[in-house]
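Okay, so here's the structure we're looking at.
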Amino acid sequence: MSSIRSIRGMPDITPDQTALWREVETRLNGVLDAYGYEEIRFPLLEKTALFSRTIGEVTDIVEKEMYSFEDRNGESLTLRPEGTAGCVRACIQNGLLNQQSQKLWYRGPMFRYERPQKGRQRQFHQLGLECFGLQGPDIDAEIIALTARIWRALGISEAVQLEINSLGSPVSRAAHRQALVDYFRQHANQLDEDSQRRLESNPLRILDSKNPDMQELNEAAPRLLDFLEPDCREHFEHFCGLLEGMGIGYQLNQRLVRGLDYYSRTVFEWTTSALGAQGTVCGGGRYDGLVKQLGGPDVPALGFAIGIERLLMLVQEVNPELIGAGHRGLFIVVDPAFTAQAMAIAETLRNQLPGMPVLQHLGGGSFKSQFKKADRSGARYALVLGENEIGSKQVSLKDLREEKPQQQLSLDELCAFLRQELRSA
Ligand code: ATP
Ligand code: MG
């Protein structure tokens, strides 16, 4: 019988990769803490309408990427393709947006039915951050500073660039939209098939086209920035000034429109050229009308999402040294007659030395074969427990990585020695 395989585009994350995941997650947590963000967790499954209403009917995600199905009751459910909609839903439902501002983050799997390739999976992970109740543009600039700090914490600042744009308000977008439709109608014979379809439904997305034949036409299209109302323009200029004040470099990209319908005013992406075609590591922006649209209070909001797999690829590419060696701990080699004593000693060591891996050999075998396993485990030391050691109430400590004489120590001396090692590791 052939074995059952995983679903295409939904890879396992095996133990050889999880050390890097955990290291990156720890560093991300540190940055999020430093700016006062709190974690929120919400379900992977939501009612389909939550996504179709918020993300927009004529977006890539809703048109062709959602994992939707009917449950046993005939209700249409969808595996979350992104986090913002669910986060907003959860905040409204739990009354988190009444009066106070909220700074929240979440991390976990997202699901999109896309063609699997490098940097593109069907189950992938995002770190999402959302901030509610602040008008900006100071908060817009602060979350950019936060992302810049993440790149520094991971040693990849040199490999990413910031692109920004403003999408203005619904009013300025409507005026721009009309100008775009007029412009593209005049050049209808140059539009590709996708763009012709979008001409009526979502002309702004034509600007986002990845078709090289569309570049020239798009370059000359009416620019949204020319249609911004004074307060949107001021918001954007102030935002740019705050970035400059913090020494954060950026590029104005007028074709940056983002794939989702709910954005307004500030939008941004961090991109890299180190990963080939799938070069966007982080994307986000302001979505002031969304909370109200979903039945909540009229609070301004903004956020971003980082694609964790792309982030990890980038770390491996430009900063492969990220994971330090750490202390590899000890491996207890034991005469099977003294297994019970060894287990008690192992527990004592774990109590006394938090953070130090303590592996005990289980399942018997000769000292020789146990030492081989100790070596292969990557442990720094072997702790030997044989008849002599149990009799003298001492342990023998052998350095597995350096040529040094074996030490005879009492348990207290051993703990003191290893505590010192942990401190300097
Ligand atoms: P793209 O243009 O690459 O399709 P997107 O605009 O659809 O990206 P967002 O919805 O903004 O992406 O999601 C934020 C981030 O999540 C992306 O910048 C990317 O890093 C990551 N991401 C999105 N889709 C995938 C996927 N299918 N596989 C892996 N990572 C993804
Ligand atoms: Mg996409």
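List of remarks:
- Nitroxide proxy distance, nm - points 7 Å out along Cα→Cβ at Ser366 and Glu403: 2.5
- Using alpha-carbon coordinates, inclination of helix 411-424 to the longest axis of the chain, degrees: 30
- Backbone HN-Hα couplings from phi across region 332-339 [Karplus 6.51/-1.76/1.60, Hz, Gly and Pro as x]: 8, 9, 9, 5, x, 5, 10, 4
- Whole-Hz ³J(HN,Hα) from phi, Karplus 6.51 cos²θ - 1.76 cosθ + 1.60, for region 247-258, glycine and proline x: x, 9, x, 8, 10, 7, 10, 5, 8, 6, 10, 6
- When the Cα atoms of region 330-424 are aligned to their principal axes, the ranges along those axes come out at 34, 25, 24 Å in descending order.
- DSSP bridge analysis restricted to region 328-425 gives an antiparallel fraction near 45%, rounded to the nearest 5.
- Derived scalar couplings between HN and Hα for region 20-34 equal 5, 3, 5, 4, 5, 4, 4, 5, 4, 4, x, 5, 4, 4, 5 Hz in order, rounded to whole Hz, by the Karplus curve 6.51 cos²θ - 1.76 cosθ + 1.60 (θ = phi - 60°), x for Gly and Pro.
- Relative contact order (%) - the chain, alpha-carbon pairs under 8 angstrom, separation at least six: 15
- For the chain, a simple Cβ point-charge model (Lys and Arg +1, Asp and Glu -1, everything else neutral) yields a dipole of about 1100 debye relative to the Cα centre.
- Helix 170-186 axis, angle to the chain major axis (alpha carbon atoms, nearest 10°): 70
- Entry note, the chain: the mean residue ellipticity at 222 nm calculated from DSSP H runs of n ≥ 4, each adding -39500 (n - 2.57), is -11500 deg cm²/dmol after division by the residues and rounding to the nearest 500.
- Computed packing ranks the peptides 120-131, 153-164 as 120-131, 153-164, most packed first, by mean other Cβ atoms within 10 Å.
- Cross-link table Lys64/Lys292; Lys103/Lys210; Lys47/Lys103; Lys368/Lys393, entries beyond 31 Å C-alpha to C-alpha: Lys103/Lys210
- Summarised as an ellipsoid, the chain has semi-axes of 54, 23, 21 Å, derived from the eigenvalues of the Cα gyration tensor scaled by 5 and square-rooted, with the largest first.
- Scoring 181-188, 165-172 by mean Cβ neighbours within 10 Å over their residues and listing the highest first yields 165-172, 181-188.
- In the context of the full set of protein chains, region 330-424 has a per residue accessible area of 57 Å² (1.4 Å probe).
- Estimated FRET transfer efficiency when R0 is 22 angstrom, pair Glu317-Ala34 (beta carbons, to 0.05): 0.30
- Packing around the peptides 305-315, 100-110, taken as the average count of other Cβ atoms within 10 Å per residue, puts them in this order, highest first: 305-315, 100-110.
- The chain: angle of helix 230-245 to the longest principal axis, Cα-based, in degrees nearest 10: 30
- Compared with the direct C-alpha span, the chain from Asp182 to Ala425 gains 80.9 nm at full extension, assuming 0.36 nm per residue.
- Residue with peak Gaussian network fluctuation, the chain [Cα springs, cutoff 10 Å], from Thr339, Thr271, Thr54: Thr339
The values are calculated or read from the model by the stated rules, or taken from the named source; none is laboratory data. What you see is a predicted model, and the numbers here were worked out from it, not measured in a lab. Cβ: placed from backbone, ideal geometry, glycine included. Neighbour counts: every protein chain shown. Ligands, DNA and RNA are excluded from the accessible area calculation, which covers all protein heavy atoms including side chains. Shrake-Rupley method; radii C 1.70, N 1.55, O 1.52, S 1.80 Å.
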